[in-house]
Amino acid sequence: EIKSWAFWRAVATEFVGMLLFIFAGLTAIIGSSEDGIAQELKVSLAFALAIATLSQSLGHVSGAHFNPAVTLGLLVSGQISALRCVCYILAQMLGAVAASAIVNGYG
């Protein structure tokens, strides 16, 4: 599995998907100057639209987990291998850190 091109493409997709998901959410949080329910609604919609778009566009490559809890759940249920689980979670964490670094770099 580790030698296949499809495996590493799926791992890279988890990285990019998580990066874009966190980037969209963080920029929605930072970009809104309102307080209260309007702010919460904008941020919630940004996250919802981001995950819906990313799942539809990248889901065929990796399954679009974009969440370590989902990946662990699939491991426990026997739907993915332990190697795939570890690689996906590492890619997801690195994607989230990269998105945070990008947003922090512009702040």
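The values are calculated or read from the model by the stated rules, or taken from the named source; none is laboratory data. Just so it is clear, the structure is predicted and the values come from calculations on it, not from any experiment. Heads up, the Cβs are rebuilt from the backbone with ideal geometry, glycines too, and the neighbour counts pull from every protein chain shown.
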Right, Gly95: modelled with pLDDT of 95 or more and surrounded by fewer than 17 Cβ atoms within 10 Å (Cβ to Cβ) or not? no
Positions within segment 47-78 being under 12 Å from Val16 (Cα atoms), of a type in the set (A, V, I, L, M, F, W, C) and within 11 Å of the chain's Cα centre (by Cα), in sequence order: Leu54, Leu58, Ala64, Phe66
When only residues in segment 6-24 that are touching a residue at least 24 places away in the same chain (Cβ under 8 Å) and among the small types (Gly, Ala, Ser) count, which is farthest from His60 (Cα to Cα)? Ala24
Give all pairs with beta carbons closer than 9 Å in which a residue from segment 39-65 that is in a helix (DSSP H, G or I) and surrounded by fewer than 16 Cβ atoms within 10 Å (Cβ to Cβ) meets a residue that is at pLDDT below 95 and of a type in the set (Ser, Thr, Tyr); count only pairs at least 6 apart in sequence or on separate chains. Gln39/Ser32; Gln39/Ser33; Lys42/Ser32
Do we have any residue at all in segment 84-93 that's within 11 Å of Ile22 (Cβ to Cβ) and either in a helix (DSSP H, G or I) or in contact (Cβ under 8 Å) with a residue 60 or more places away in the chain (or both)? yes
Within segment 25-34, identify whether any single residue is free of Cβ contacts under 8 Å to residues at least 40 places away in the same chain, surrounded by 12 or more Cβ atoms within 10 Å (Cβ to Cβ), in a loop (DSSP other than H, G, I, E, B) and out of contact with any Cys (no Cβ under 9 Å at 6 or more places or on another chain), and answer yes or no. yes
